[in-house]
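The values are calculated or read from the model by the stated rules, or taken from the named source; none is laboratory data. This one's a predicted model, so the numbers in the text were calculated from it and none came from an experiment. Backbone-built Cβ (ideal geometry, glycine too); neighbour counts: all protein chains shown.
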Amino acid sequence: MSALPPTKDTTPTGGRQRSAKVFWSQLVYIATGNPVTLIAFSLFLMIVIIAIFGPVLAPYDPLASNASNALQPPSWDHWFGTDNVGRDVFSRVLVATRLDLLISITAVAISFVVGGFLGMLAGYYGSWWDRLVGRMVDTIMAFPLFVLAMGIVAAAGNTVENIVYATAIINVPFYARVARAEVNVRRNAGYVLAAKLAGNSDIRVMALHVFPNALPPMMVQVSLNMGWAILNAAGLSFIGLGVQPPTAEWGIMVAEGANYIVSGEWWMAIFPGAALMLAVFTFNLMGDGLRDLVDPQRRT
Amino acid sequence: MSGSRLAIVGHRLLQAVPSIIGIIVVTFLLTRALPGDPAAYFAGPAANEESIAQIRAQLGLDKSLPEQFWVYVVDLVDGDLGTSLTTGQEVTDDILRRLPASLELTLAALIFSIGVALPLGIMAALRENSWIDHLCRVVVTAGVSLPTFFTGLFLLYIFYYLLGLAPAPLGRLNILYLSPEPVTGLYTIDALIAGDFDTFWASFTQLILPSITLGLFSLAPVARMTRAAMLQVLGGEFVRTARAAGLSRRTVVITYALRNAILPVITTLGMVFSFMLGANVLVEKVFAWPGIGSYAIEALIASDYAAVQGFVLTMAILFVILNLFIDIIYTLVDPRVGIDS
């Protein structure tokens, strides 16, 4: 898990090893105590493996069309059937995993960095930084977020990069809020004051003393947000923005299959849709599991 | 007591002003963010220097940014959102004509999701760890993971193609029927007002699948919040006292617990509306619903910028109004408001 290594560095050097140990034993405890979380982590591993090796695993070329073999229902040769130009749906679903994950991970990473930074400034300095960031966050949240994303893509141009930026922008408020709240309560904590007194600069205090402690709740936010980011990006490509055909991408594949569902060719839309659902489901479950790990009080 | 409530409502109305200013500034900036020269873009590929300059003057793009902003605001106050390239009509007219379709869909979805989510959450809290609690958990987790367009297509396949129960996904009303005399703009209600039950039934059956699709998506946060809030309130001392005093189970749950638990549920409705207005666009595309969402999609594909901007602005203003409405309901429902002061 990418979430774990930074947490190791959070505590002062003496307790580092011990806290990492506690964290791992807690992870094992929660994973074994709650089978759902274990399933979520296994699914996550599977999705990551498919994202990395998808093109190798795919039995057919995802772009090779074969008109004589179009619209075939699922069979042993084509597990998920073939689409309207005879491409293998199973291969396309596998290959699309990488693109979908890449879009949402990049978007979430950008909002994590930007939102975290802004939230930290607001929480640490307070006063007009706080008001400025608060106003920005409120303005973004004043829009229905998916609609704002549509507007941004329309204004900035219909490209995959802009889908990423739009998804990042609508996610910034969540990170800014979490970071602000977490930093704000620690601003006057003993160890922060001690670090300041020892002559550390504000930037150093923020980076090495405040930020690591605000990280765990933000990582939970990442996992809960990931699912939503995937849904948003797929939704945008479903309505024809961003990724263009014939690229294999879940949202587009559902859109292409949508026209055939009323005539009964369900496999074109249902399989990519199910893959999308499974990915989102995994991230949501994992977010709940991570939250249990970080904040035992809110365990459900 | 009512005076302090009024003051709170008034204060809340004032708080909406910065949001609206923010929305106007952002939508203005979005227009100016058009890649390249907007005038050349609007003039089309066949334009020469002269016609581009003409269009630039016509659009007011030769003025300074603050001046352009002023013009934009003045036009907005007039209700002028520009002309759509695809329909050739005023964007304001287009949107106003299509808005009732979207509102009818959203409203029906909201009724469905609250009607299911509230009882589900309450039952789950009353019988913690029973089958209904597990059902609630499954619904909540699945609900937020389901892509709206996927749910819609799935329901269509089952209820239209396999079972033949639902009508074809071709908008609000089968072409065999005439749309009812517009009073509210909502076909189902207008048909009832006109006393035309055939039309009512026809439009109602068209409405069922889209609104369930949209409702399923928004059901999760409401059910989750209801369950959590009810659990917390039911553990409270005043509930125990009420029970000990021998009040009926019904009174304890509905009057004592629910009235307090409903408050956090009302606050989550804000987020629910944000999801719903966005998901509206996707549902409208799946069911060929002639609302402002499908209008925006057509406009996006055709790069019809004024229409998209009008759509974003309308949705945002709608969202602010809904949030305002939620907050006002909150102050009216909250039993604590006005007692302290």
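Values for this structure:
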{"item": "Near pairs, Cβ below 8 angstrom, 6+ apart or cross-chain, from segment B:6-31 (more than 14 Å from chain A (Cβ to nearest Cβ) and buried (at least 17 other Cβ atoms within 10 Å of the Cβ)) to any residue that is at pLDDT below 85 and not in a helix (DSSP H, G or I)", "result": "B:Ile8/B:Val337"}
{"item": "Subset tally (residues that are surrounded by 18 or more Cβ atoms within 10 Å (Cβ to Cβ) and either in a loop (DSSP other than H, G, I, E, B) or touching a helix residue (DSSP H, G or I) at 6+ places or on another chain (Cβ under 6 Å) (or both)) for segment B:193-207", "result": "4"}
{"item": "Flag if A:Ala269 is facing chain B (nearest Cβ under 7 Å), in contact with a Leu (Cβ under 6 Å, 6 or more places away or on another chain), assigned to a helix (DSSP H, G or I) and touching a residue at least 24 places away in the same chain (Cβ under 8 Å)", "result": "no"}
{"item": "Residue satisfying condition, being closer than 30 Å to B:Leu99 by Cβ and not charged (D, E, K, R), within set B:Phe238, B:Phe287", "result": "B:Phe287"}
{"item": "A:Leu94, sole failed condition from (1) modelled with pLDDT of 80 or more; (2) under 29 Å from A:Pro173 (Cα atoms)", "result": "(2)"}
{"item": "Any hit, segment B:168-188, residues being free of Cβ contacts under 8 Å to residues at least 12 places away in the same chain and within 14 Å of another protein chain (Cβ to nearest Cβ)", "result": "yes"}
{"item": "Subset tally (residues that are touching a residue at least 60 places away in the same chain (Cβ under 8 Å) and over 12 Å from B:Ile122 (Cβ atoms)) for segment B:260-274", "result": "5"}
{"item": "Subset of segment B:299-317 that is closer than 17 Å to B:Gly22 by Cα and at the interface with chain A (Cβ under 8 Å from one of its Cβ atoms) - its residue that is nearest to the chain's Cα centre (by Cα)", "result": "B:Met315"}
{"item": "Output for segment A:225-260, where each listed residue is more than 21 Å from the chain's Cα centre (by Cα), outside any helix (DSSP H, G or I) and either of a type in the set (Gly, Ala, Ser) or within 11 Å of chain B (Cβ to nearest Cβ) (or both)", "result": "A:Gly240"}
{"item": "Those residues of segment A:124-144 which are surrounded by fewer than 24 Cβ atoms within 10 Å (Cβ to Cβ) and at the interface with chain B (Cβ under 7 Å from one of its Cβ atoms), in sequence order", "result": "A:Asp138, A:Thr139, A:Ala142"}
{"item": "Residues satisfying the stated conditions in segment B:119-138, i.e. surrounded by fewer than 20 Cβ atoms within 10 Å (Cβ to Cβ) and assigned to a helix (DSSP H, G or I)", "result": "B:Pro119, B:Met123, B:Leu126, B:Trp131, B:Ile132, B:Asp133, B:His134, B:Leu135, B:Arg137, B:Val138"}
{"item": "The listed residue being under 27 Å from B:Ile114 (Cα atoms), modelled with pLDDT of 85 or more and either more than 14 Å from chain A (Cβ to nearest Cβ) or outside any loop (DSSP other than H, G, I, E, B) (or both), out of B:Ala288, B:Ala257, B:Ala279, B:Ala296", "result": "B:Ala279"}
{"item": "Residue match in segment B:317-325 (condition: farther than 30 Å from B:Ala257 by Cα, surrounded by fewer than 22 Cβ atoms within 10 Å (Cβ to Cβ) and free of Cβ contacts under 8 Å to residues at least 60 places away in the same chain)", "result": "yes"}
{"item": "Residues of segment B:111-132 classified as within 14 Å of chain A (Cβ to nearest Cβ) and either among the β-branched types (Val, Ile, Thr) or touching a residue at least 60 places away in the same chain (Cβ under 8 Å) (or both), total", "result": "4"}
{"item": "Qualifying residues in segment A:272-295 (those that are more than 8 Å from chain B (Cβ to nearest Cβ) and over 27 Å from A:Tyr29 (Cβ atoms)) - the one surrounded by the most Cβ atoms within 10 Å (Cβ to Cβ)", "result": "A:Pro272"}
{"item": "Flag if B:Arg249 is surrounded by fewer than 20 Cβ atoms within 10 Å (Cβ to Cβ) and either touching a residue at least 40 places away in the same chain (Cβ under 8 Å) or closer than 18 Å to B:Ile326 by Cβ (or both)", "result": "no"}
{"item": "Qualifying residue in segment A:175-187 (condition: farther than 23 Å from A:Thr247 by Cβ, away from chain B (no Cβ under 13 Å) and not in a helix (DSSP H, G or I))", "result": "yes"}
{"item": "Candidate set: segment B:143-164, residues that are more than 8 Å from chain A (Cβ to nearest Cβ) and either of a type in the set (Asp, Glu) or under 24 Å from B:Ser218 (Cα atoms) (or both); chosen: the one surrounded by the fewest Cβ atoms within 10 Å (Cβ to Cβ)", "result": "B:Ile158"}
{"item": "Positions within segment A:253-288 being touching a Phe, Trp or Tyr at 6+ places or on another chain (Cβ under 7 Å) and closer than 25 Å to A:Leu224 by Cα, in sequence order", "result": "A:Val254, A:Ile270, A:Phe271, A:Pro272, A:Gly273, A:Ala275, A:Leu276, A:Met277, A:Thr282, A:Met286"}
